[in-house]
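Read the structure below first, then the notes.
Values in this text are rule-based calculations from the coordinates and carry no lab data. Quick caveat: nothing in here was measured; it's all calculated off a predicted structure. A quick note on method: Cβ atoms are made from the backbone with ideal geometry, for glycine too, and the neighbour counts reach across all protein chains shown.
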Amino acid sequence: MPLAKHLGVNIVQLKNEDIPGETPGSFKIIDKSFPSKLFVYAYNHTQLYELETNDANKALDFIQMHNDKTCWMDVKGLGSQKVLNILQNKLNINVLTMEDIVKTYQRPKFDEYENYIFVTSRMLELGKSLQLKNEQLSFILFDKLIISFQEDYDDILDPVRNRLRKNLNGNMRKLGPSYMLYALIDTVIDHYFVIINRLGDELEMVEEHLYQKAHKYLMYRIQDVKKLLISMRRASWPERDKLNDILRSTNPLINPDALVFFRDAYDHTIQIIDLIESYKEISTSLLDLYLSMISNKMNEIMKFLTIVSVIFMPLTFIAGIYGMNFSNIDPNTGKYLPHNMPELYWPNGYPFAMCLMVAITLFQVWYFAKKGWFKN
């Protein structure tokens, strides 16, 4: 079983697989895709109209009926080929753009076309057991319309919908679809901070437990957090470059009054990247600390075993010498053998040998204590 699954940590990313040699601009719906649901919002600074449907023609008719207002079409689920084909044909969307929308492993980017702007982001969401959901969020920006494409029905964009419904005089109601693009991207980026803060808390918890006991589970946890930080880094760096491209763009579809807000989102991505790099260094330091503590623990064990071995070494030597039983008198002839062991017949030889061993042991313990070998 993979380590990440063993700990309940997983990185989920829905994606399609390319077929080698496939014609560029072709896109096919995979079986795992969710059927498309369309949520359309038509608004200005005084009015807001909403529509939920599965019919792309009905959604486009709703937008046409409110052509004097700014519209946001939120397409949830990419599993309806008919819906995507209608949007492509009636809105004159390049087939390469549709391919990038359906093949949901694109890095965040900013592409300009003749009549629209295409933008992608990575929408990250962290579950309770550190499961990272990595979903592509695509946008097509027209003059008075913005379309967002999501892979499934769950998202983190409810704050934008709530602001749209409640804040009648806010910039979202006044600055057109380019501000809505900023609001959606900024919500995604702000959620990066939520994830990073959770990972930071996780590292603090690991560090606190690490000083108590260097358990093997903590090493696995550090590795999992590091893996999540790497995934966030892959999303945040292109996100910064994309926002930089937006700030440098002179496309008239982007309201100049909205650029200051994009600049603020750009600053947020820089902060996120700094935090990611800092936490990566902390995770590496914690892993080194764990390995160092394990090494020190092993050294303590080896030190203890060495002391025990050194104490018993002279005792084993004495026992081995007197275990040879070389008598100093020949039992057959009674002849005295001067170079054999006279101690074999000492009346108090056994107590003397035991006392000698105890004395040697006490001396070694005293000497090792004086040298500080018993200190932690």
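Look at the alpha carbon pairs under 8 Å that are at least 6 residues apart: their mean separation over the length of the chain gives a relative contact order of 14 percent. When the charge dipole of the chain is built from unit charges on Cβ atoms (+1 for Lys and Arg, -1 for Asp and Glu) and taken about the Cα centre, the candidate among L218, L87, Y345 whose Cα reaches farthest toward its positive end is Y345.
Given the Cα-Cα distance of A319 and L48 and 0.36 nm per residue of separation, how much length would full extension add, in nm? Spell out each step's value before the answer.
Values: separation 271, 0.36 × 271 = 97.56 nm, distance 9.82 nm.
Stretched out fully, the A319 to L48 stretch lengthens by 87.7 nm.
Computed about its Cα centre, the charge dipole of the chain is approximately 920 debye, with only Lys, Arg, Asp and Glu carrying charge at their Cβ.
Phi angles of segment 277-291 translate, via the Karplus equation with coefficients 6.51, -1.76, 1.60 and θ = phi - 60°, into HN-Hα couplings of 5, 5, 5, 5, 5, 5, 4, 5, 5, 5, 5, 5, 5, 4, 4 Hz per residue; Gly and Pro are given as x. Compared with the dominant principal axis of the Cα atoms in the chain, helix 56-65 is inclined by about 50°. Per residue, the convex hull spanned by the alpha carbons of segment 78-201 comes to 125 Å³. The Cα center of segment 138-216 and the Cα center of segment 220-242 differ in position by 16 Å.
For L126, what is the net charge nearby, where nearby means another residue's Cβ is under 11 Å from its Cβ and Lys, Arg count +1, Asp, Glu -1?
Working: positive: K128, K133, R198; negative: E125, E202.
Net local charge, L126 excluded: +1.
Angle of helix 176-212 to the longest C-alpha principal axis of the chain, folded into 0 to 90 degrees and rounded to 10: 10°.
How big is the shadow of the Cα convex hull of the chain, averaged over all directions, in nm²? Write out the running numbers ahead of the final one.
Details: hull surface 130.6 nm².
With the hull built on Cα positions only, its mean projection is 32.6 nm².
Towards the positive end of the charge dipole of the chain, with charges on Cβ (+1 Lys, Arg; -1 Asp, Glu), say which of Y153, N325, L243 has the farthest Cα. Looking along the dipole axis, the top candidate is N325. Within the chain, the longest run free of GluC sites (Glu not before Pro) that sit in a DSSP loop with at most 10 other Cβ atoms within 10 Å is 115-376. The lysines within cross-link reach of K371, meaning a Cα-to-Cα straight distance under 30 Å and a gap of 8 or more places when in the same chain, are K213, K297, K303.
Rounded, prolate or oblate, given the Cα gyration tensor of segment 324-371, with a/c below 1.5 counting as rounded? Walk me through the numbers before you get to the answer.
On the way: a/c = 5.60, a/b = 3.39, b/c = 1.65.
Prolate is the answer for segment 324-371, as a/c is 1.5 or above and a/b outweighs b/c.
For segment 337-376, the residues whose backbone nitrogen is under 16 Å from a point 7 Å from the Cα of N296, taken along Cα to Cβ, are 374-376. Rounded to the nearest Hz, the phi-derived 3J(HN,Hα) couplings of segment 236-250 under the Karplus curve 6.51 cos²θ - 1.76 cosθ + 1.60 (θ = phi - 60°) are 6, 5, x, 5, 5, 5, 5, 5, 5, 5, 5, 5, 7, 6, 10, where x marks glycine and proline. Using the rule -39500 (n - 2.57) for each DSSP H run of four or more residues, divided by the residues of the chain, the 222 nm mean residue ellipticity is -18500 deg cm²/dmol.
Among residues other than A235 whose Cβ falls under 13 Å from its Cβ, what is the net charge (Lys/Arg +1, Asp/Glu -1)? Spell out each step's value before the answer.
Working: positive: R107, K109, R122, K133, R233, R234, R240, K242; negative: E125, E135, E239, D241.
Summing Lys and Arg as +1 and Asp and Glu as -1 gives +4.
Principal semi-axes of the equivalent ellipsoid, √(5λ) from the alpha carbon gyration tensor of segment 249-376, are 81, 14, 7 Å from largest down.
Computed from the C-beta positions of D190 and D55 and an R0 of 30 Å, the FRET efficiency is 0.35 to the nearest 0.05. In this structure, the amide hydrogen of I329, modeled 1.01 Å from its nitrogen in the peptide plane, lies closer than 5 angstrom to those of L337, counting only residues at least 5 positions away or on a different chain. Given labels modelled 7 Å from the Cα in the Cβ direction, how far is it in nm from K370 to R165? The two pseudo-label positions are separated by 8.3 nm.
Taking the charge dipole of the chain about its Cα centre, with +1 at Lys and Arg Cβ atoms and -1 at Asp and Glu Cβ atoms, the residue from F139, Y279, N167 reaching farthest to the positive side is Y279.
What FRET efficiency do you get for R198 and D152 if R0 is 22 Å and r is their Cβ-Cβ distance, rounded to the nearest 0.05? Please list the in-between numbers first.
On the way: r = 22 Å, r/R0 = 0.99.
Approximately 0.50, to the nearest 0.05.
Can you list the chymotrypsin sites (Phe, Trp or Tyr not before Pro) in segment 327-360 that are in a DSSP coil and have 14 or fewer other beta carbons within 10 angstrom? Write out the running numbers ahead of the final one.
Working: sites: Y336, Y345, F352; in loops: none.
Passing both the DSSP loop test and the Cβ count: no residue.
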